[in-house]
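Presented below is the structure to which this report refers.
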């Protein structure tokens with residue numbers, strides 16, 4: 001047989017197989033269309049996946065139960081689940097919400113899996129580790145689409161019926177019986193119950209998909225996988241938590257611009273921001289589900305009783321965030337001071353209170369990473385104000401040393417870095433991106449952000465004081481303009497004053513070095529902010545003395 005004849009027979013055979021398969025498939029519903037359009041080849045490396053995921057039950061402490069997580073890339077992104085591509089699954093953060101002395105959390109999810117492929121390939125290893133009293137959360141469905149018998153061959157039959165389909169995988173010749181999505185869910189549940197453990201079904205995480213281009217409503221899955229998971233939960237009398245709806249409701253409050261960075265690279269896989277939101281939503285669903293004993297293993301909800309505690313009835317709060325030039329030791333009249341600790345002096349204390357939430361040594365990025373901004377964000381109420389000033393510490397190393405720098409500029413650029421100290425991957429954005437996040441978060445809460453270029457340093461060259469108008473001052477202005485926030489060029493206002501005095505007279509405004517201000521310097525900067533406010537239309541100026 002010559003090469004031409006061989007390939008002719010091969011093509012004919014494949015065509016026959018496809019037609020035969022298609023005829024067989026006509027007996028059941030057509031598979032769900034692959035609307036994700038995301039390539040995830042995690043299953044191409046099964047051995048790697050098995051070594052990356054934990055051995056089922058290996059985290060057990062004494063007789064404590066284990067919470068097993070079963071899902072796909074929205075729960076554990078990629079084979080390793082370590083964020084090396086900037087994407088994170090919510091299962092990575094789920095353990096943060098549980099008391100590890102009483103229960104451990106094992107994330108057995110794997111990117112690229114459907115209910116069918118997980119049940120057939122990975123579930124046997126997971127169920128071996130499940131014991132009586134354990135808990136198993138199952139959230140699958142994102143990948144139950146595409147062909148039944150070719151390519152990744154991971155589709156399940158739509159619905160919850162008992163129908164099945166015998167297929168032969170075109171590329172491998174392997175024979176397999178395909179069941180409905182509901183039947184796979186049913187089998188997961190029954191297997192868990194047979195071990196004396198407790199199954200919980202979750203709906204899918206929401207995608208960054210809106211009803212239409214002008215809509216403010218996130219597209220739900222409550223007519224497909226969400227509905228089917230709920231129906232099986234009711235049939236099997238097990239809890240169902242609508243994770244899709246809980247997170248989607250939050251996204252709708254956030255708005256489209258903020259939801260964009262809840263995802264990374266595509267509209268399905270979450271960034272660390274989005275993964276944390278989903279983990280929090282999962283926790284809320286567990287906590288609020290009536291008489292669900294798993295909630296007893298959750299950590300108590302932390303209450304911040306400090307941030308916002310200065311609030312007087314009917315009066316707004318002015319929050320300040322920034323670095324050591326905003327908040328320093330601020331306790332010795334001859335020591336170093338930040339303007340945030342004296343700025344209350346320029347306001348009418350009967351009409352507004354001031355809380356200095358800045359922290360020395362922080363960049364915009366580390367202020368966010370350490371959860372400091374979250375405390376301010378949670379405390380914000382409509383009508384409050386936020387004074388934002390960063391830039392002094394934002395130009396350093398990104399992933400080594402103090403690791404607090406950001407990408408230069410004010411655009412949407414980002415890059416994944418491996419952090420030297422922690423050994424973890426992190427997405428780092430531009431300086432302006434972090435400012436825009438603070439601004440938009442404040443606006444989302446009904447508060448009014450005021451962005452300041454950072455205080456001038458006592459550095460001179462050829463009789464001219466150093467300015468930041470071509471770097472951080474410029475990027476701060478651009479962030480304000482992009483979001484409609486008030487901008488005060490604090491750097492220019494204070495630098496102009498120091499320029500008139502000259503290097504020798506300016507020295508009294510600093511303490512120890514060329515950056516940190518004395519009490520006199522802090523008051524000068526606070527006065528410069530007042531002067532800047534007066535020429536704006538920002539409502540904060542009406543609270544000035």
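The values are calculated or read from the model by the stated rules, or taken from the named source; none is laboratory data. These numbers come from a predicted model, not from an experiment. Here the Cβ positions follow ideal geometry from the backbone for every residue, glycine too, while neighbour counts run over all protein chains shown.
For the reader, a short list of remarks on this structure follows.
- Verdict on residue 179 being touching a strand residue (DSSP E or B) at 6+ places or on another chain (Cβ under 6 Å) and surrounded by 15 or more Cβ atoms within 10 Å (Cβ to Cβ): yes
- Taken over the stretch 496-536, the residue count meeting the criterion of being surrounded by fewer than 16 Cβ atoms within 10 Å (Cβ to Cβ) and touching a strand residue (DSSP E or B) at 6+ places or on another chain (Cβ under 8 Å) is 3.
- Boolean, residue 420 is at pLDDT 95 or above, loosely packed, with under 14 Cβ neighbours inside 10 Å, within 37 Å of the chain's Cα centre (by Cα) and part of a helix (DSSP H, G or I): no
- Members of the stretch 290-306 found to be out of contact with any helix residue (DSSP H, G or I) (no Cβ under 7 Å at 6 or more places or on another chain) and either part of a helix (DSSP H, G or I) or farther than 30 Å from residue 357 by Cα (or both), listed by number: 290, 291, 293, 296, 297
- Residue 97 under 18 Å from residue 202 (Cβ atoms), in contact with a strand residue (DSSP E or B) (Cβ under 9 Å, 6 or more places away or on another chain) and surrounded by fewer than 22 Cβ atoms within 10 Å (Cβ to Cβ): yes
- Counting only residues that are part of a helix (DSSP H, G or I) and surrounded by 15 or more Cβ atoms within 10 Å (Cβ to Cβ), the stretch 475-495 holds 14 of them.
- Apart from one condition, residue 400 fits all of (1) part of a strand (DSSP E or B); (2) without any contact (Cβ under 8 Å) to a residue 40 or more places away in the chain; the exception is (1).
- Only one entry in 180, 203 is more than 26 Å from residue 92 (Cα to Cα), assigned by TED's automatic domain parsing to the domain that holds residue 69 and in contact (Cβ under 8 Å) with a residue 24 or more places away in the chain, namely 180.
- Residue list for the stretch 314-366, restricted to those being touching a strand residue (DSSP E or B) at 6+ places or on another chain (Cβ under 6 Å), part of a loop (DSSP other than H, G, I, E, B) and closer than 26 Å to residue 272 by Cα: 357, 358
- In the set (1) under 24 Å from the mean Cα position of the chain (by Cα); (2) touching a residue at least 60 places away in the same chain (Cβ under 8 Å), residue 249 fails one condition alone, (2).
- Among (1) more than 33 Å from the chain's Cα centre (by Cα); (2) at pLDDT 95 or above; (3) assigned to a loop (DSSP other than H, G, I, E, B) - the single one residue 235 does not satisfy: (3)
- Test: residue in the stretch 251-262 that is touching a helix residue (DSSP H, G or I) at 6+ places or on another chain (Cβ under 8 Å), on the phi > 0 side of the Ramachandran plot and outside the structural domain of residue 433 (by TED's automatic domain parsing): yes
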